[in-house]
1. From the set of residues in the range 310-340 that are within 14 Å of ligand 2 (Cβ to nearest atom) and among the hydrophobic types (A, V, I, L, M, F, W, C), which is surrounded by the fewest Cβ atoms within 10 Å (Cβ to Cβ)?
2. Quick one: VAL108 ticks every box in (1) surrounded by fewer than 22 Cβ atoms within 10 Å (Cβ to Cβ); (2) under 17 Å from HIS158 (Cα atoms); (3) among the aliphatic types (A, V, I, L, M) bar one, so which box is it?
3. Looking at (1) within 13 Å of ligand 2 (Cβ to nearest atom); (2) without any contact (Cβ under 8 Å) to a residue 60 or more places away in the chain; (3) surrounded by fewer than 16 Cβ atoms within 10 Å (Cβ to Cβ); (4) aliphatic (A, V, I, L, M), which is the only condition ALA301 fails?
4. Among the residues of the range 315-352 satisfying the criterion of being touching a Leu at 6+ places or on another chain (Cβ under 8 Å) and assigned to a strand (DSSP E or B), which is nearest to ARG182 (Cα to Cα)?
5. When you scan the range 2-106 for helices (runs of 4 or more DSSP H) that lie fully inside it, which ones turn up with 3 or more residues that are more than 28 Å from PRO314 (Cα to Cα)?
6. Can you say whether HIS117 is over 15 Å from ASN68 (Cβ atoms), touching an Asp or Glu at 6+ places or on another chain (Cβ under 8 Å) and in the same structural domain as HIS151 (by TED's automatic domain parsing), as far as the supplied structure shows?
7. Contact list please: Cβ distance under 8 Å, first residue in the range 319-334 and touching a residue at least 12 places away in the same chain (Cβ under 8 Å), second residue assigned to a helix (DSSP H, G or I) and β-branched (Val, Ile, Thr), pairs at least six apart or on different chains.
8. Considering only residues that are near ligand 1 (Cβ under 9 Å from one of its atoms) and not small (Gly, Ala, Ser), look in the range 157-176 and name the one that is nearest to GLU145 (Cα to Cα).
Amino acid sequence: MRPDTPADHVDHIAEAERLERTAGLYPEDAEHLLLQAAAHLELADARDRATTLYDRLISPSAPHPPENPTLIRALKAANLWEYGHEAEARAIIEGVRGTAPADAAPWVIVAEALEAHDELDQAHETFTQALTALLPSTSADAGAEPPYPTHPLLFGRHRVRRLLGAEHDAWDGLADRVHRSRAAAAGRTPVPLDELHDPKRVWALGSENPADLRAEIARLQAELGSYREALSRPFPVAVLHWPATELTELLTAYPSLSTEYPSHETHLATIESSLRELSTSGTPNLGIVTGTVPSYEAFAASEGASPGDSSLLPLYATTLAARGRAAGWPPEVGGGCWCGSGRAYGDCHGGE
Ligand SMILES: [Zn+2]
Ligand SMILES: [Zn+2]
């Protein structure tokens, strides 16, 4: 199964419009879909249109109350600040911090917005406030793995503290440790966080050499951008998985797809190897979506295409991912394998 098109080669406006149409077909998934549509509009620099979508989602007259209004407000604030609405953005950020969300994502968005606009002390305060709210105070020394969604908070706080020239504290030590174990799990040689967040960047700000300064700023922006992208946008790069019974039914009904899927075993092995390849090449935010024959047929009908057309498969995967149906890959440490065998991932497709 091929992964969908990498985000950089997407026509963001067309993709946003496709997601908005899809939201019309699946109103129960509209929040996921419209948030991703807004992300595409932001990437296309159609920021006022993105604001309109955020407002639509949190409007009191929206057909479904949003599941995560605080995340939407945080995204709206970050977007507003990017096109000159600083005062409004700051007011929304204060509001988000005041509600002390139980979920990491809105904290990450507002802290990074402050950081991106050089409000380093406030960014530091926000990261710290978030970790105080979300991590038990003992977790820095207990050796336990902090929950995955808190990792960008640990990394962001580490980054800002390096920029501020602060000494390492227990959470910085934890950030270093988590960064190492994530790189190892993805099969990469880790570049230490202290090198990524090198305080040379701070010295470069006072440097005589404008090329140094530009290089440091570009590096910082690229890093901010990749975290933000991994968090919520444009969507997980998802690979399509058919359980054995569904695959049999699919190939019986549409034999033309047999070239794509020679056997179920090969199909499963290909999923794992595609994801590993993507991970090694540095693609963040990977996932697996599970297909069913009825949902695939309904999707083909909505696209006006035949289910036997294999070029439809990547688009089906993308649409499932955009509807929020992707399971993250790799599974959590000690978690079950994505293939549904009931074995631990490490003893199944996660093995060598
Ligand atoms: Zn460190
Ligand atoms: Zn497996």
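1. As a first pass, look at the range 310-340 and keep what is within 14 Å of ligand 2 (Cβ to nearest atom): 327, 329-331, 335-340.
Still in the list and also among the hydrophobic types (A, V, I, L, M, F, W, C): 327, 329, 337-339.
Working: ALA327: 14, TRP329: 23, CYS337: 20, TRP338: 24, CYS339: 21.
Result: ALA327.
2. Of everything listed in (1) surrounded by fewer than 22 Cβ atoms within 10 Å (Cβ to Cβ); (2) under 17 Å from HIS158 (Cα atoms); (3) among the aliphatic types (A, V, I, L, M), VAL108 misses just condition (1).
3. Failed condition: (1).
4. If we take residues in the range 315-352 being touching a Leu at 6+ places or on another chain (Cβ under 8 Å) and assigned to a strand (DSSP E or B), then TRP329 is nearest to ARG182 (Cα to Cα).
5. Working: elements: 12-25, 30-43, 47-58, 69-82, 86-99.
Hits in the range 2-106: 47-58, 69-82, 86-99.
6. On the way: over 15 Å from ASN68 (Cβ atoms): yes; touching an Asp or Glu at 6+ places or on another chain (Cβ under 8 Å): yes; in the same structural domain as HIS151 (by TED's automatic domain parsing): yes.
The answer is yes for HIS117.
7. Short answer, once both residue conditions are applied: THR319/THR22; ALA322/THR22; ARG323/THR22.
8. Quick first cut of the range 157-176, residues near ligand 1 (Cβ under 9 Å from one of its atoms) only: 158, 161-162, 168, 172-173, 175-176.
In the following step, the residues that additionally are not small (Gly, Ala, Ser) were identified as 158, 161-162, 168, 172, 176.
Numbers: HIS158: 17, ARG161: 21, ARG162: 23, HIS168: 19, ASP172: 14, ASP176: 12 Å.
Once the filter is applied, the top-ranked residue is ASP176.
The values are calculated or read from the model by the stated rules, or taken from the named source; none is laboratory data. Just so it is clear, the structure is predicted and the values come from calculations on it, not from any experiment. Neighbour counts are summed over all protein chains in view; Cβ atoms, including those assigned to glycine, are modelled from backbone coordinates with ideal geometry.
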